[in-house]
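Working notes, structure below.
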Amino acid sequence: MAVRQHWPERLWLVRHGQSQGNVARDAAHEAGLSVIDLDLRDVDVPLSELGHRQAEATGHWFAGLPEAEKPEVLLSSPYVRSRQTAEAICAAGGLCGGAKPTILDERLREREFGVFDGLTTLGIREKYPEEASHRSKMGKFYHRPPGGESWADVILRLRSMLNTINLHYADKRVLVVAHQVVVLCMRYILEELTEGQILAIDRQAEILNCGICAYDFEPNEQSLCVPTLALWNHGAPLDAEGTLKTAEPDMMTGSR
């Protein structure tokens, strides 16, 4: 229908469940280590045992929605932890009409950390002191670590992702499973925020693993379709099943 100007009917954004990378990074920081003890590519980092339970609880929540409100399309980052979260939602019956293949799109991937990958904040300061100082001056929105991405770089590919969603899934209910910075950058785009505004939101609270964000797209009084935030960092599915909530800070090495 033309009334939504090619927007989806509803867009859900879900961060993946707790990953083994989250656990390993926390342990490294607590021990004051420079390197995170995880011999895997970031793309291959799976969910932790708790992360699997969080993903299952989220799947049950989506499955409990009326059929006419469930997601019709599921898009996911190709990173293992996001794929596992998406698969758990499908397996629980969280999609309209039953399980459907998850559509993987590399534009939804985690921010690339470049030379900072696998290092703690301490490790970055020790190994790349000049770059750490430059990041402190520039801020994480615009700073691009050598070989990596800034938030602005992530936003560029997400604008392309949203164009694809609007082109192929207009008036559909779309669920995206991805990463903390992807969810924040999507909010930056959809609400036309400034750098200061999105960083203020980031400082207010960490995005929960399997936290749910949702936007509705209905015409306003000028008959223009404007994204409306309906849910933000929603953790009720985890509460309902007594599943522990976790939220990882966006440190220099990212959220994994």
- Item | Those GluC sites (Glu not before Pro) in region 170-212 that DSSP places in a loop and that have at most 16 other beta carbons within 10 Å | E191, E192
- Could you give the length gained on full extension between A31 and S160, defined as 0.36 nm per residue of separation minus the Cα-Cα distance, in nm? 42.4 nm
- Extension gain H52-L229, at 0.36 nm per residue separation less the Cα-Cα distance, in nm? 61.0 nm
- What number of lysine-lysine pairs in the chain show an alpha-carbon separation below 19 angstrom, given a sequence spacing of 8 or more or placement on distinct chains? 5
- Note on the structure: Share of accessible surface on carbon and sulfur in region 111-151, whole %, 1.4 Å probe and ligands ignored, is 48
- Query: Taking amide hydrogens as modeled 1.01 Å from N in the peptide plane, which residues meet the under 5 Å criterion relative to G17, leaving out close sequence neighbours?
  - Reply: T85, C210
- Message: Which residues among region 189-208 fall inside the zone where the amide N is under 13 Å from a point 7 Å beyond the Cα of A152, along Cα→Cβ?
- Response: 195-196
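The values are calculated or read from the model by the stated rules, or taken from the named source; none is laboratory data. Just so you know, these numbers come straight off a predicted model, no measurement behind them. Positions of Cβ are backbone-derived with ideal geometry, glycine not excepted, and every protein chain shown enters the neighbour counts. Ligands, DNA and RNA are excluded from the accessible area calculation, which covers all protein heavy atoms including side chains. Shrake-Rupley method; radii C 1.70, N 1.55, O 1.52, S 1.80 Å.
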